[in-house]
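Single-structure report; data block below.
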Amino acid sequence: MTTAAREAARPAGLPVSPRPGPKAAVADQERRRLLLTAVPALPVLVLCMVPAAQFRNWQWLCFVLAAPVAVWGAWPFHQRALRGLPPFFEGSVASAHALPSDSGAPLRLTHHTLVSAAVVASFSWSTYALFRGGAGEPGTRLPFDPLATTGGGAARPCLEVVAGITLVALAGRVLEARAGQGGASAGRPADAVAGAGAPAVAAVTVTVLGFWFGAGAEPRAAVATAVAVLVMACPCVLVAGVQAALLAAARRGARSGVLVRRPRALEAPRAADTVVLGAVRRPGGYRAVCHLKRLGLRPVLATGERGEAARAVADQLGIVEVHSGVGPRDKADLVRRLRERGHRVVVLGDGAGDAAALSEADLGIAFGDGSEVAAADMALAPGDIEAVVHAVRLARRTVNIIRAHLAWVLGCHLVAVAWAATGRLGPAGALAAMAAGSLLVVCDSLRPYATGPRGAARTLTEVHGSRRNAP
């Protein structure tokens, strides 16, 4: 459990682990990398964007400061990009860096690949501009112009892009770690988009470069335009939005008696159609079953009670399908059979005997703080059965927010990439647009948490998507 979730869970009566686990250590490591990278990166941003702060040979100081940012700060992205190289690169690159790779695997492109490519391209071009392009001359001053692709008579370095894109990307990793997602599932939307779009981005970048060279443009203008296209294509905005939405959902859920323990807990409820219930004879049981039906979930009662007793409970709760005399192994087999028939199953368990069924389910939700919690994807405060309704709604709303952000970001990126390809948006302008988009998406994702656990405020994306997606 993350530190943020731990503090939010205490007042709600949720089970809290006694000390931080591996995910907390990962969060601390990512936060430390971001802070240490910010030390040299922030002066680079100031010097490049504030001409009044530029002094003699300021560009060489920026180069020295940007070097560790491009190498060490962005190393997690370089590392993941190298892991995705095809087999014929393994001996020359991956093995040289002691990177694990899948032998025989094809080229795998993720959002890490695009971030790494943007950082390498920006730093490489800046190196050329300083050493061979005339930008390293003493007394050179470069005004900050987001639309400029050239810098007077000299090639224009873009070290601010190296610093800015690395900081934004690392901030996304910090959000990812704080959400406790471990990286794989949380980054899936961004990786899916990058995997499908990265070849197109590479083709567009090369095409833009070739077009401007063929049109007789100056090499520095052609390269700067291509770098701007590559920067705008980085999915940092999407990654930040996904992580912020997951973090907000986890915090908001904990305040409401719902502890999100695994990423799939926020994905499964959208497609779920069946919920398997155990002992629901507790306050709020009938209301909870009614709300679950309204959410499109078919309730199935699986209880250890036999015969008429089990049927009487089902009748009181309005449940049609009943499985009586069910033990722990039988309940797990029931869940397995339901899934084999094509159902997406949610299991609500409240005892140690439910651990097997919780593990078999598409989404396992446990009450209390016993051993069954370890097998569950979500944990609820003991005795609050109606919290399961809030858990399903929270998960569905979070997925809706992520998908809406995905559509919004893709649309904006297509427009911005087309604009950059025309040569009217420089690398600095592309960085500013990306940073502004990240800030907007993160604020839109986090805003519901600021209103309280069950507040009425909705995000911009929820307003547009609620009529189609709201239960």
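The values are calculated or read from the model by the stated rules, or taken from the named source; none is laboratory data. Keep in mind the model is a prediction, meaning the values are calculated, not measured. Virtual Cβ from ideal backbone geometry, glycine too; neighbours counted across all protein chains shown. The accessibility values were calculated without ligands, DNA or RNA, using every heavy atom of the protein model including side chains. Shrake-Rupley method; radii C 1.70, N 1.55, O 1.52, S 1.80 Å.
Figures for the structure shown
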{"read-out": "Using alpha carbons only: equivalent-ellipsoid semi-axes of the range 228-283, gyration tensor based, whole Å", "value": "35, 15, 7"}
{"read-out": "Relative compactness, the range 287-370, computed as alpha-carbon Rg over 2.2 N^0.38 Å", "value": "1.05"}
{"read-out": "At most 10 other Cβ within 10 Å, DSSP loop - trypsin sites (Lys or Arg not before Pro), the range 308-406", "value": "341"}
{"read-out": "Extension gain (nm, one decimal) between residue 25 and residue 282, 0.36 nm per residue minus Cα-Cα", "value": "88.6 nm"}
{"read-out": "Per residue value of the accessible surface for the range 302-385 (all protein chains in place, 1.4 Å probe), Å²", "value": "43 Å²"}
{"read-out": "333, 362, reordered so the largest accessible area comes first (probe 1.4 Å)", "value": "333, 362"}
{"read-out": "Amide H within-cut-off set for residue 274, under 5 Å, with H built and near neighbours excluded", "value": "298, 344, 346"}
